[in-house]
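A.B. asks: Attaching a single structure in C-alpha cells format; questions to follow.
The values are calculated or read from the model by the stated rules, or taken from the named source; none is laboratory data. None of these values were measured; they are calculated from a predicted model. Neighbour counts are summed over all protein chains in view; Cβ atoms, including those assigned to glycine, are modelled from backbone coordinates with ideal geometry. Ligands, DNA and RNA are excluded from the accessible area calculation, which covers all protein heavy atoms including side chains. Shrake-Rupley method; radii C 1.70, N 1.55, O 1.52, S 1.80 Å.
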Amino acid sequence: MKKKAILSLILAMAVLSGCNSAKDTKSTKNKDDDTDETVVTTDETDDTTTDVTTTETSDDDPGPVSEPMAYSVTKEDHDAGVVKDGVYFASNIVFDEENNGIKSDIYEYVHFDERTMDFMDTAYFLDIEDCCYGNNVNGSMTVNTVNTYVTRSCTYGENIVELNNEGWYLKLQGDGNYYIFDQYDIPLLFPYEEQINLSVGEEPVIYAYADVFSEDGIKTYDFTYEFDSFQSFKETIDAASLNSINYNAHIVVEDGVIKEICIVPVMVKGNVVYAHNTEHEEGKIPDGDYCCDRYSFDEDMKGMTLDIRDYTYFTQEEIDSLEKWDSLVILASKDKYNYATDQSMDFSMITVINDPSVDGYIMLDNDWFLSQQSDGTYYVDWDGLVNSSAFEKDVHLDVSDSVVIMDKANVYSKDGIVTYDYTDVYDDLKSFAEELESDTTWYIPNIHIVVESGEIVGIYINPDQHQPWKE
C-alpha cells in the first residue's frame, strides 16, 4: 500500500460570490376563492413575522388535510445606512483607500431562532419573501419568494435539520440561530444595504477557506489560509480582479467596524478527513502507480521522460469510519495558481451525502465517488476521471525490457489490472511510440505507469477510458 502525505482537495469548493436568482422550490398550495373562513394570528419576534393561517375549504377543494399552516418570513427593518453588529455576506466589494475599509453590498443571512424552530414543528410550509442566493455568479438579482415544504427528518437539537426531499436544510450557527441552505449548500440571504462604506479594524482577522457556517463560530483547518494584514488581502484581491475574478466575503461587524473577513468560505457539516499522497524525496520516484499527462521517449527506447501525477487515496480504516455529512479534502493540483490566496496550491472539499455502505464503490457529492483498488486503498473518482495531483516534472525513468504495454484495460479495480477480449497489447515501447505518431491518432493520451525498483514495468494507455484517443 502506498504511503502518502497530506492534503488533497478540489473545489469544489465553491467560491461564494454574489446573489443570483435560483429556481424556486415546490410552490405552496394557493388558497381558493371558496374559502369559508380565515383566522390569522400574528406573532412578532425580533427577527421574523409569523402568519399562522387556518383554513376551512369547501367539499370541492379539501386542501391540505394535515397541519394546514404556514410560517412566513420577511426581512427585518433597520435604520438606513446603519449596519448593526452581526455577520453578513458582502458582495461587489471595492476598497475604500481613504478610510482604510471597503464599500460593498451587504446581505443578511436568513435565520431562525429556537422559538421559531419550535413553531416550525407545526408549520405545513415555509414562505421566505424577498430573499436571494449567495452563490458563485457575479452580480445580484432578487427572487420574490422561496416556498419549501417543512417535512423535518430530524430534531432541531441536532446541528442539521433537513426540511424536505429536495435538499433544503437548516444548520445551527455559533450565534445560536439556524441558517437555511439549499441542496448545493448555498445560503439564503436578505438584501440589507447597497454599496455602504465600512471601515476595517486595526488588526482584522482575514481568512480564505475557513468554515464560517459552524455552531462553534468560525473554524480553521490545515487548508485555511490566513492573511497577515489588510494590505496583503487588498493586494491579493486586486490581483484577482485583473483576471476578472470577484471574491465576495463573509464579514463580522462589531461597533460598525469589520473585525473579521473570510473569502471563499467552506461548508463543513461533519468530520474532515484528509486524503493521502505519496511521500518522496524530490527527484526520486518510489515504487507504485502513477498517472502521466506528458511524456517522451528516449531515442534508443530504453527510457522515458515524464511529468508524473500522484493518485489521491484514502485508507480502508478511514473509509470504514466515514459517516454522512463528513468532508473529504483532496489536493487538486500543486501547479494551479489560486488567486484567492496568492498561492500555487489548490484543493477541493467533497461531502459524503449518503451512508457509505456500498462495497468497493462509494457515492459522494456532485458526481464524486470512491473506488477501491487492489491494495485496499480508495481512489477519488469524478464522473469517470480518477483524481491525481502534480508530483514531479521532467523525471527520467528507465523502461524494463519486459515492460507490459496495454490499451483498453481496466486499471482502477479492486481486482487489479483487468483485461478484456478487446484489450490491445503492444509488443514493445517502439510500437507504442510509432502509434502515437500515426495519422490515426487524434490526441496524445494520458498513461498509467507501474514503477518497480526505479523502472517502468507497466504502461496502460488512456487509463480512464474516458474517450477514444485514436481510430
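A.B. asks: Two decimals, Cα atoms only, Kirkwood Rh: what is Rg/Rh over the range 166-293?
C.D. replies: Over the Cα atoms of the range 166-293, Rg/Rh equals 1.06.
A.B. asks: Also, quick follow-up: For the pair Asp77/Ser244, report the inter-label distance in nm, with labels modelled 7 Å from Cα in the Cβ direction.
C.D. replies: Once both label points are built, they end up 4.4 nm from each other.
A.B. asks: Using modelled amide H (1.01 Å from N, peptide plane; none on Pro or chain starts), what sits under 5 Å from the amide H of Arg294, excluding residues fewer than 5 places away?
C.D. replies: Long-range HN contacts for Arg294: Asp307.
A.B. asks: In the range 264-335, which trypsin sites (Lys or Arg not before Pro) fall in coil by DSSP and have 12 or fewer other Cβ atoms within 10 Å?
C.D. replies: Lys284, Lys302
A.B. asks: Using a probe of 1.4 angstrom, how much of the accessible area of the range 198-350 is carbon and sulfur, in percent?
C.D. replies: Details: 2760 of 6770 Å².
That share works out to 41 percent.
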